[in-house]
Structures are given as structure tokens and as C-alpha cells.
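Written out below as C-alpha cells is the structure these notes cover.
Taken together, the values in this text are just the output of simple stated rules run on the coordinates, not laboratory data. All values derive from a computational prediction rather than experimental measurement. Here the Cβ positions follow ideal geometry from the backbone for every residue, glycine too, while neighbour counts run over all protein chains shown.
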Amino acid sequence: MVKNYQGARIEKAKTTVHQPVSVEDYMTSKLVTFKPDDTIHDVIDVLLKKRISGGPVVDEKNHLIGIISEGDCLKEIVKGKYNNTPSLTGKVEEHMAKNVKTIAPETNVFEAARMFLDMKLRRFPVVKNGKLLGQISQKDVMRAVQNLKSTTW
């Protein structure tokens, strides 16, 4: 009788492939930004040319200080009509939203999705130590989830 000895078997460790699921992996980092002393006329021009609905307002050190949107620009248009002077010379700092909800770059995209639903917002500026790094939108979160493999959720 022949005995076959294969030796001690070493079980291979299961390697878990961690997929990127943080906001910083899917955020947009090349943003159109505005300065607080830009005119509403300039903002409207950029919004129309770039086909965007708004953008972050940053200071000289790239710290987020607000968001300016189409709706904010409409306020200046209405003000001009009311005063019968449609000059659109108002400044961004006069019309921007200052209390901006932000998100940290290490936030999980599933947490970001919950935040979108809870706060009824379409995008969040991504900020670390007060500095603007990028922006994440609902569409970015959907793209992130579509890229994930279902076995590693």
C-alpha cells in the first residue's frame, strides 16, 4: 500500500478587495469658482457660458465662503427692475448663500446619499480644513454605486 503525503496545507488568506467608496474618489475637483467681489453680471456670463447653475465662492486662500446660484442672480435682476436700473453691478458677496452645508472628503458615498435625501440638496462642496477641494453631486454618487461590485458593498 502506498501512502501519499502532500504535506501540511496552507490555507490561502482571503483577500478582500476594498473598492473606493469615499466622496473624494468621485467628487469633481475642477470647479468654476467665484470671488466675493465679482459682479453679478460676470457671474451670469460665466453661468451661461459654462452651462452651470451656480458655483462656490472662495477667498484668496481658497477657503469656501459661500455659494452663488442662478436664483441669487435673479435677486439682482429683480432689484434692478424695481429701481429701474438693470445694471447688474451688485457683488457676489451681497447675494451669495453664506450658510453652506459641506461634506468631508473621507465621507462614505452611502452616507452622502443619505445626506442628499435628508437635506434635499443636489450637491455639496467638499471641504477639508476650510479649503475647497471639490464638489460631489447626486449624479456622482449614482456613478460611484454603479461602479461598485455587489459582492463588496
Other-chain or far-sequence residues with amide H under 5 Å of Thr107's (modelled H): Val23, Glu24
Please list, in order along the range 113-130, the HN-Hα scalar couplings obtained from phi with the Karplus expression 6.51 cos²θ - 1.76 cosθ + 1.60 (θ = phi - 60°), rounded to whole Hz, x for Gly and Pro. 4, 4, 5, 4, 5, 5, 9, 6, 10, 9, 7, 10, x, 9, 10, 9, 6, x
Please arrange Arg143, Arg123 by counting, for each residue, the other beta carbons lying within 10 Å of its beta carbon, fewest first. Arg143, Arg123
Between their Cα atoms, which of Lys30/Lys128; Lys30/Lys61; Lys91/Lys128; Lys50/Lys75; Lys30/Lys139; Lys30/Lys50 are more than 24 Å away from each other? Lys91/Lys128
Full-extension gain between Asn108 and Asp37, please, as 0.36 nm times their residue separation minus the C-alpha to C-alpha distance. 22.1 nm
Over the range 23-152, relative contact order from alpha-carbon pairs under 8 Å, at least 6 apart, %: 30
Applied in sequence order to the range 93-98, the curve 6.51 cos²θ - 1.76 cosθ + 1.60 (Karplus, θ = phi - 60°) yields integer Hz couplings, x standing for Gly and Pro, of 4, 7, 10, 5, 7, 9
Between Gly66 and residues 5 or more places away or on another chain, which pairs have amide H atoms under 5 Å apart, with H built 1.01 Å from N, and which residues are they? Val57
